[in-house]
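Peer 1: Just passing along the structure, written as structure tokens.
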Amino acid sequence: MDAIGTARVPDHPTVQAALSLARRAPSVHNTQPWRWVFDGHRLQLYRDTARQLFSADPQGRQLVISCGAMLDHARTAFAAAGWDTTVTRLPDTAADHLATLDFAPARTVSDAVRAHATAIERRHTDRLPMLPPRDWDRVAPGLHTAAAAHDVTLGVLDDSARLRLAAASAQSAALREYDPQYLNELHWWAGNDSPADGVPISALVSAAELAQVGVGRAFPVAPPSLRRGELIDASRLLVIGSAADSPLDWLRTGEALSAVLLECTAAGLATCPLTHITEVPVSRRTIANLLPEPASPQVVVRVGTAPGSSALPPTPRRTVGDFLELHRAG
């Protein structure tokens, strides 16, 4: 193997280290539905359908979005380690094969890449009410650029749209209220103490806190509490949308979601992706009608400022060995 800086591909420890960082990527219900294979030359990303939410996500749309977020996290981690990556999306007809990464040594590592890689460890989903995002006029252009780089759009909803979005969120919850399969799936993944996946109870909110936000998913509620006092959510509401609604659009949506979340985190802002509102067709139509430009809504994101020092404990993640296969180069 050549010395660092002249090697043609990263070695196994480098791949493992990059994916150890990238595994912090967000995923629906923290299912982490991805699988990677490194053959010594290329890194292949596959979706893991054993982790699909067949009630909430029968098409696998959110699964692919989650894998797209992992893909962008991985490329960010490799870039910070000195590796440029070229991605081939949906490289063949195999439904589970989502992307192939080819490598080349990077000439430089920019400050922006380092900031985003550092943000990976700090980013978490904040389901509590937020203050308005600081320096929004300075941050917003970078978010639009990040989305456009992945061929998707970023719509910023007017404050007047909040009540209609809250109504769509409530409607989505009501349509699921008596769906036993959905509820069983939700309780399987949320409010438990798995050391590897799922949404722990520490990351959930009480009924009172959920009411302060208005647009959150109705997860199993945490014990009674009222963190952040009487604060009513004042986050900005963003919608990542695509021109079409295909697996390629879903994958690119996840990549854009990752880029937007890391950009926000690097700027000191709190974020909360919301996918439940886009699970039900009627809610997706409501969101589409709120967008300034025509698009197929994929993910809603709350962006704001978390008051004080209110960092939450990190949610669990699987070990790299659980989702990475390493093969020796032929």
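Peer 1: Only one of Leu326, Leu290 is over 21 Å from the mean Cα position of the chain (by Cα), surrounded by 14 or more Cβ atoms within 10 Å (Cβ to Cβ), over 17 Å from Ala256 (Cβ atoms) and modelled with pLDDT of 95 or more; which?
Peer 2: Leu326
Peer 1: Continuing with the same structure: Of all residues in region 236-264, how many are of a type outside the set (A, V, I, L, M, F, W, C), closer than 22 Å to Arg122 by Cα, in contact with a strand residue (DSSP E or B) (Cβ under 8 Å, 6 or more places away or on another chain) and crowded, with 24+ Cβ neighbours inside 10 Å?
Peer 2: 1
Peer 1: How about region 157-191: which of its residues are of a type in the set (Gly, Ala, Ser), surrounded by 14 or more Cβ atoms within 10 Å (Cβ to Cβ) and under 18 Å from Arg236 (Cβ atoms)?
Peer 2: Ala161, Ala166, Ala168, Ser169
Peer 1: When residues of region 26-50 are filtered for being free of Cβ contacts under 8 Å to residues at least 40 places away in the same chain and buried (at least 16 other Cβ atoms within 10 Å of the Cβ), how many remain?
Peer 2: Matching residues across region 26-50 total 1.
Peer 1: What helices (runs of 4 or more DSSP H) completely inside region 134-215 contain at least 2 residues that are under 17 Å from Arg284 (Cβ atoms) and either in contact with a His (Cβ under 8 Å, 6 or more places away or on another chain) or of a type in the set (Val, Ile, Thr) (or both)?
Peer 2: 162-176
Here is a yes/no grid of residues against (1) assigned by TED's automatic domain parsing to the domain that holds Ser283; (2) under 18 Å from Pro200 (Cβ atoms); (3) not in a loop (DSSP other than H, G, I, E, B):
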| position | (1), (2), (3) |
| --- | --- |
| Arg217 | yes, yes, no |
| Pro220 | yes, yes, no |
| Pro223 | yes, yes, no |
| Arg227 | yes, yes, no |
| Leu231 | yes, no, no |
| Ile240 | yes, no, yes |
| Ala244 | yes, no, no |
| Leu251 | yes, no, yes |
| Gly254 | yes, no, yes |
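Peer 1: Report whether or not Leu63 is under 15 Å from the mean Cα position of the chain (by Cα), under 20 Å from Gln298 (Cβ atoms), crowded, with 22+ Cβ neighbours inside 10 Å and not assigned by TED's automatic domain parsing to the domain that holds Pro297.
Peer 2: Yes: the conditions hold for Leu63.
Peer 1: Any chance you could count how many residues in region 35-67 are under 22 Å from Ala256 (Cα atoms) and touching a strand residue (DSSP E or B) at 6+ places or on another chain (Cβ under 8 Å)?
Peer 2: Number satisfying all stated conditions: 15.
Peer 1: Against the conditions (1) in contact with a Lys or Arg (Cβ under 8 Å, 6 or more places away or on another chain); (2) on the phi < 0 side of the Ramachandran plot; (3) loosely packed, with under 15 Cβ neighbours inside 10 Å, where does Ser194 fall short? Just the number, please.
Peer 2: Evaluating Ser194 over (1) in contact with a Lys or Arg (Cβ under 8 Å, 6 or more places away or on another chain); (2) on the phi < 0 side of the Ramachandran plot; (3) loosely packed, with under 15 Cβ neighbours inside 10 Å leaves (1) as the failure.
Peer 1: Further, regarding this structure: For region 180-210, enumerate the residues that are aliphatic (A, V, I, L, M) and under 22 Å from Ala56 (Cα atoms).
Peer 2: Leu183, Leu186, Ala190, Ala196, Val199, Ile201, Ala203, Leu204, Val205, Ala207, Leu210
Peer 1: If you don't mind, there's one more thing I want to ask. State whether one or more residues within region 169-176 are within 24 Å of Leu269 (Cα to Cα), in contact (Cβ under 8 Å) with a residue 40 or more places away in the chain, in contact with a strand residue (DSSP E or B) (Cβ under 7 Å, 6 or more places away or on another chain) and hydroxyl-bearing (Ser, Thr, Tyr).
Peer 2: Looking through region 169-176, none of the residues is within 24 Å of Leu269 (Cα to Cα), in contact (Cβ under 8 Å) with a residue 40 or more places away in the chain, in contact with a strand residue (DSSP E or B) (Cβ under 7 Å, 6 or more places away or on another chain) and hydroxyl-bearing (Ser, Thr, Tyr).
Peer 1: Conditions: (1) within 20 Å of Pro58 (Cα to Cα); (2) crowded, with 19+ Cβ neighbours inside 10 Å; (3) more than 15 Å from the chain's Cα centre (by Cα). Val282 meets all but one. Number of the miss?
Peer 2: Of everything listed in (1) within 20 Å of Pro58 (Cα to Cα); (2) crowded, with 19+ Cβ neighbours inside 10 Å; (3) more than 15 Å from the chain's Cα centre (by Cα), Val282 misses just condition (2).
Peer 1: Of the numbered conditions (1) in contact with a Pro (Cβ under 8 Å, 6 or more places away or on another chain); (2) outside any loop (DSSP other than H, G, I, E, B); (3) touching a residue at least 24 places away in the same chain (Cβ under 8 Å), Pro297 satisfies every one except a single condition; which is it?
Peer 2: All conditions are met except number (1).
The values are calculated or read from the model by the stated rules, or taken from the named source; none is laboratory data. What you are looking at is a predicted structure, and each value in this text was computed from that prediction instead of being measured. No Cβ is skipped: glycine too gets one built from the backbone with ideal geometry, and neighbour counts run over all protein chains shown.
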